[in-house]
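As C-alpha cells, the structure follows; a few thoughts come after it.
We did not get these values from a lab; they are worked out from the coordinates using the rules stated. Quick caveat, the model's predicted, so the values are computed rather than measured. We place every Cβ from the backbone using ideal geometry, glycine too, and count neighbours over all the protein chains shown.
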Amino acid sequence: MIPPGWTPVHRADGEQVGWLAPDGAAGRVVPRLLTGTPLADARKAADAAALLRAEGLAALDRRWWARLPGEPLTGVVDAGKPAEDWSWQSVVLVESSPAGCTVRPEWPAPGETGRASLPVPVGDLLLAEPPS
C-alpha cells in the first residue's frame, strides 16, 4: 500500500511516472519509481518531479532481481512473502500500479509463461542489483 504522504507525479499527458516521498528534511523529497524504488537521492520537489518525468518510466525497463520458486512459473505466484527455499532470479517488470507490480523471469524456461506479483512499494523484494 502506498504510504499516505507520497505524492503521485504525472507527465503532461496524464500518465503517472512515479512518486515523491517525504525525506524528513524540509523541502526535500525522494523521487520514487512506480514500484516505490528510489530513483535518486532526496532533492527539492520540483527537481525530483522533473527527474521522474524525464527518466522514471525508462528506469523501469531493465533487469531486476526477485526471489522466485525454483520450478518454472505457471499462473501468477504471490512473491510478496517468498519461501525460504526461493532463490534470487533475474526478472523484468511486466506491469506496475499502486496496487502492485508483476514480474516475469528474464530468461523463462521453454513453456514458462507464469508471472510473480509483488506489493508496491516493493521494498527489498525487488532489487536493482544482484544480491551479494
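Just one of (1) 17.5, 55; (2) 15.5, 52; (3) 14.2, 45 is Rg and Dmax of the Cα atoms in Å as worked out from the coordinates here. Which one is it? So the structure-derived entry is (2).
Which chymotrypsin sites (Phe, Trp or Tyr not before Pro) in segment 1-68 sit in a loop by DSSP (not H, G, I, E or B) and have at most 13 other Cβ atoms within 10 Å of their own Cβ?
Loop-located and lightly packed - none at all.
A cut-off of 5 Å between modelled amide H atoms, ignoring neighbours fewer than 5 places along the same chain, links Val91 with Trp64, Trp65, Ala66, Glu106. So which trypsin sites (Lys or Arg not before Pro) in segment 37-132 end up in coil per DSSP with only 15 or fewer other C-beta atoms within 10 Å? Counting only loop positions with at most 15 other Cβ atoms within 10 Å, the trypsin sites (Lys or Arg not before Pro) in segment 37-132 are Arg62, Arg63.
Charge tally around Glu95: other residues with Cβ under 12 Å, Lys/Arg +1 each, Asp/Glu -1 each, net +2. Working from Cα positions, state the angle (0 to 90°, nearest 10) between the long axis of helix 45-55 and the longest principal axis of the chain. For 45-55 against the chain, the angle is about 40 degrees. Is any residue of segment 95-112 close enough, with backbone N under 19 Å, to a label point placed 7 angstrom from the Cα of Met1 along the Cα-Cβ axis, and if so, which? Flagged as within label range: 97-101.
Using a Förster distance of 35 angstrom, determine the FRET efficiency expected from the C-beta separation of Lys81 and Ala25, and round it to 0.05. Taking R0 as 35 Å, the efficiency between Lys81 and Ala25 is 0.60.
A DSSP coil position with no more than 10 other Cβ atoms inside 10 Å describes the following GluC sites (Glu not before Pro) in segment 55-132: Glu84.
On the basis of the beta-carbon distance and an R0 of 25 Å, Ser117 and Ala40 show a calculated FRET efficiency of 0.40.
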